[in-house]
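Inspection log for the structure reproduced underneath, given as structure tokens.
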Amino acid sequence: MTFNMENLEIAVQILGLGWGGIFLVMLIIYLVSLALGRIFPPSDSE
């Protein structure tokens, strides 16, 4: 079995894109939840 450095570089690029995508989606969900909280503030009436 041989170790190919080019395959490792490609794998690290794919890993970076995957993690980057995860954090991008988490950031979008966070920003949307902040925007919805400002547009529709919670009511204090009981």
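Within this structure, Gly37 passes the test of being on the phi < 0 side of the Ramachandran plot, among the small types (Gly, Ala, Ser) and at pLDDT below 95. Within the stretch 4-46, which residues are assigned to a loop (DSSP other than H, G, I, E, B) and of a type in the set (A, V, I, L, M, F, W, C)? Residue satisfying the conditions is Phe40 alone.
The values are calculated or read from the model by the stated rules, or taken from the named source; none is laboratory data. Fair warning: this is a prediction, and the values are worked out from it, not measured in the lab.
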